[in-house]
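In what follows, a single structure is set out as structure tokens and then discussed.
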Amino acid sequence: MATQTDPQVYQGEEKIIVAIDLGTTHTAVSFAHAYPGTDVDVRMVTRWKGQPEAAGDSKVVPISSRYTGI
């Protein structure tokens with residue numbers, strides 16, 4: 001079984017993969033560019049346009065919370 005510390009060479013078609021964690025209080029996003037013959041490097045969005053300088057806090061409040069007042 002592969003783990004995050006055991007990179008494997010990707011053999012499929014070229015893809016852009018986006019993962020969105022829609023939490024009840026915060027939302028986070030990660031992405032990867034997978035192309036044949038390389039290790040897939042997953043990256044997390046760590047800063048959003050307009051976000052004040054934050055010490056590693058890259059999560060944002062979901063839009064549903066903004067409208068419902070949660």
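Once ligands and nucleic acids are excluded and a 1.4 Å probe is used, how much of Thr24 is accessible, expressed in Å² to the nearest 10?
Number for this one is 120 Å².
Please list, short to long, the whole-number percent of alpha-carbon pairs of the range 7-46 in consecutive 10 angstrom bins beginning at zero.
Using 10 Å bins, I get a P(r) of 29, 43, 22, 6 for the range 7-46.
The values are calculated or read from the model by the stated rules, or taken from the named source; none is laboratory data. A quick note: this is a predicted structure, and the numbers were derived from the prediction, not measured. With ligands, DNA and RNA removed, areas are computed over all heavy atoms of the protein, side chains included. Shrake-Rupley method; radii C 1.70, N 1.55, O 1.52, S 1.80 Å.
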